[in-house]
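Student: Have a look at this one.
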Amino acid sequence: MSDKAFVFPGQGSQKVGMLKDVADQFPEILTTFEEASTVVGYDMWKLIQEGEQDALNMTEVTQPVLLTSSVAYWRLWQSQGLATPVVLAGHSLGEFSALVCAESLAFADAVNLVKLRGQFMQTAVPVGVGAMAAIIGLDDDVIDKICAETSTESGVVQAVNYNSPGQVVIAGHAAAVDLAIEKLKEAGAKRAMPLPVSAPFHTDLMQPAGVNLKEAMSDLIFHTPKIPVVHNVHAKTESDPNEIKALMVKQIYSPVKWTDCVRTISQMGVKEMIECGPGKVLSGLAKRIDKSLSCQSIDAALLK
């Protein structure tokens, strides 16, 4: 039995030229991009190989591109006859990739859904009104306390990504985020870095996006996952398709409990984690969360 987990990255792992090396060696990668291109109405592979980074960074583009990348890697892994993982998880957007690979949600449905999700997230808060920042070197409870205090003064600011011990992302109204950064530095944060994003993801400000996403999912069929998926909202698995739908709506305006997700995976007896998608963001976080986990990118696993 495999003791592997696959984890799927979210926004931030995209870059122009990604997957070229693996597609050169395994041309079947392109089939998945052709399927997705039919859904979104443009040549997705051409965009990520020849397009501008700014275009790739548009949320409604980034989300289907990263989903498609992860599913292409997954299909390649399966075609090689390699060991099926015992559990899956995804960071934010990556949770949709996990559900596709667990056969809970059809690929074409997911591509269209995350494109819409990107649009909903972008329009929930006007550009310039919201902000996000990474806070390095403070305990979670200190960040939570300062955000709660600051939210009463200048709008909403919340911890939204618990990425690893000592690395938390905050988000909310720009003025509130700026004020929280000052207070967090005073409290001993080693670094507080504004992030180049256009909306305050996973905050209460995303509630309108949740309403729209629920409506967009109303006619979609979800199935019980064939491989357990650990969810961001509560760091547990779920088998009821209706509850999975509800979790995916809630996820858009709730914190990503990634540290807890990785700990749940470790507690299931997993020894090796593979990041199924471009980049090594989640691999780096895993090492800070649980040093007993071996973690590598899928490129490293496939392009030996």
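The values are calculated or read from the model by the stated rules, or taken from the named source; none is laboratory data. Keep in mind that what you see is a predicted model, and the values were worked out from it rather than measured. Quick reminder, even Gly has a Cβ in these numbers, built from the backbone with ideal geometry, and neighbours come from all protein chains shown. For accessibility, only protein heavy atoms count, side chains too; no ligands or nucleic acids. Shrake-Rupley method; radii C 1.70, N 1.55, O 1.52, S 1.80 Å.
Student: For the chain, build the charge dipole from Cβ charges (+1 Lys, Arg; -1 Asp, Glu) around the Cα centre, then report which of 107, 19, 248 sits farthest towards its positive end.
Tutor: 19
Student: Something else now. I want to make sure I understand the PRE zone here: with the label point 7 angstrom from the Cα of residue 214 toward its beta carbon, which residues in segment 245-275 have backbone N atoms less than 11 Å away?
Tutor: 246-247, 249-250
Student: Contact order normalised by length for the chain, with contacts defined as Cα pairs under 8 Å and 6 or more residues apart; what percent is it?
Tutor: Details: 627 pairs, mean separation 69.7, N = 304.
Relative contact order, the chain: 23 percent.
Student: Probe of 1.4 angstrom, ligands and nucleic acids ignored: what's the accessible area per residue over the chain, in square angstrom?
Tutor: Numbers: 12660 Å² over 304 residues.
It amounts to 42 Å² per residue over the chain.
Student: Continuing with this model, one more query. Take the alpha carbon atoms of segment 24-81, find their center, do the same for segment 236-299, and report the distance between the two centers in whole angstrom.
Tutor: Answer, in whole Å: 22.
Student: If I model the chain as equal point scatterers sitting on the Cα atoms and use the Debye formula, what is log10 I(q)/I(0) at q = 0.06, 0.12 Å⁻¹?
Tutor: Results for the chain at q = 0.06, 0.12 Å⁻¹ read -0.18, -0.76.
Student: Now for a separate question. Looking at the calculated P(r) for segment 146-189, what percent of the C-alpha pair distances fall above 11 Å? If you can, show how the numbers build up before the last one.
Tutor: On the way: 574 of 946 pairs.
Above the 11 Å cut-off, segment 146-189 has 61 percent of its Cα pairs.
Student: Taking 0.36 nm per intervening residue step and subtracting the Cα-Cα distance, what contour gain separates residue 260 from residue 175 on full extension? Mind showing how you got there, number by number?
Tutor: Working: separation 85, 0.36 × 85 = 30.60 nm, distance 2.94 nm.
27.7 nm is the gain from fully extending residue 260 to residue 175.
Student: Just grab the label-to-label distance for residue 287 and residue 239, each label 7 Å out from Cα along the Cβ direction, in nm (one decimal).
Tutor: So the two model labels end up 3.7 nm from each other.
Student: Still on this structure, please answer the following. Share of segment 91-131's accessible area from carbon and sulfur, percent, 1.4 Å?
Tutor: Details: 690 of 1160 Å².
Heavy-atom surface of segment 91-131 belonging to carbon and sulfur, 1.4 Å probe: 60 percent.
Student: Residues with amide H under 5 Å of residue 132's amide H, sequence separation 5 or more or different chain, H placed in the peptide plane at 1.01 Å from N; which?
Tutor: 195, 197
Student: Measure up 185/287; 46/115; 20/287; 115/245 against 22 Å on the Cα-Cα distance and list the ones that go over.
Tutor: 185/287; 20/287
Student: For segment 86-128 and segment 198-215, what is the centre-to-centre distance using only Cα atoms, to the nearest Å?
Tutor: Taking the Cα centre of each part, segment 86-128 and segment 198-215 sit 13 Å apart.
Student: If you don't mind, there's one more thing I want to ask. Got a sec? Which residues in segment 1-44 would a label at residue 271 touch, if it sits 7 Å along Cα→Cβ and we count backbone N under 13 Å?
Tutor: Backbone N within reach: 1-5.
Student: Here is a follow-up. Want the number for residue 144 to residue 204: 0.36 nm per residue separation, take away the alpha-carbon distance, what's left?
Tutor: Working: separation 60, 0.36 × 60 = 21.60 nm, distance 1.45 nm.
Difference between extended and current length: 20.1 nm.
Student: Can you figure out the FRET efficiency of residue 58 with residue 191, using R₀ = 25 Å and their beta-carbon distance, to the nearest 0.05? Before the final figure, lay out the partial values.
Tutor: Working: r = 27 Å, r/R0 = 1.08.
The computed FRET efficiency comes out at 0.40.
Student: I need to check one value: relative contact order of segment 12-130, counting alpha carbon pairs closer than 8 Å and at least 6 residues apart, in percent.
Tutor: 29 percent
Student: Right, something else. Quickly rank 44-50, 65-71 as a protection proxy: mean count of other C-beta atoms within 10 Å, highest first. Write out the running numbers ahead of the final one.
Tutor: Values: 44-50: 17.4, 65-71: 28.9.
Averaged packing, sorted descending, gives the order 65-71, 44-50.
Student: Let me ask something else about it. Could you give me the radius of gyration and the Dmax of segment 1-68, taking only the C-alpha atoms into account and expressing both in angstrom?
Tutor: Considering segment 1-68 through its Cα atoms, Rg and Dmax are 12.9, 43 Å.
Student: Quote the relative contact order of segment 161-242 in percent (integer), defining contacts as alpha-carbon pairs under 8 Å separated by 6+ residues. Mind dumping the intermediate values first?
Tutor: Numbers: 41 pairs, mean separation 14.6, N = 82.
Relative contact order here is 18 percent.
Student: Which aspartates and glutamates, if any, have their Cα less than 16 Å from the Cα of residue 236, not counting same-chain residues under 8 positions apart?
Tutor: Cross-link targets: 95, 260.
Student: Moving on. Of the listed peptides 32-40, 8-16, what is their order by residue-averaged count of other C-beta atoms within 10 Å, with the highest listed first? Each step should come with its number before you reach the end.
Tutor: Details: 32-40: 18.2, 8-16: 21.7.
Taking the mean over residues of other Cβ atoms within 10 Å, the ranking is 8-16, 32-40.
Student: Rounded to the nearest 500, what is the chain's calculated 222 nm mean residue ellipticity when only DSSP H runs of at least 4 contribute -39500 (n - 2.57) each, over all residues?
Tutor: On the way: 14 runs with 150 residues, N = 304.
Per the formula, -15000 deg cm²/dmol.
Student: So between residue 84 and residue 38, what do we pick up on full extension, going 0.36 nm a residue minus the alpha carbon distance? Don't skip to the end; give the middle numbers.
Tutor: Working: separation 46, 0.36 × 46 = 16.56 nm, distance 2.83 nm.
Gain in length upon complete extension: 13.7 nm.
Student: Can you bin segment 207-304 into rounded, prolate or oblate? Criterion: square roots of the alpha carbon gyration tensor eigenvalues sorted a ≥ b ≥ c, rounded for a/c under 1.5, prolate for a/b above b/c, oblate for the rest.
Tutor: Details: a/c = 1.96, a/b = 1.89, b/c = 1.04.
Verdict is prolate for segment 207-304.
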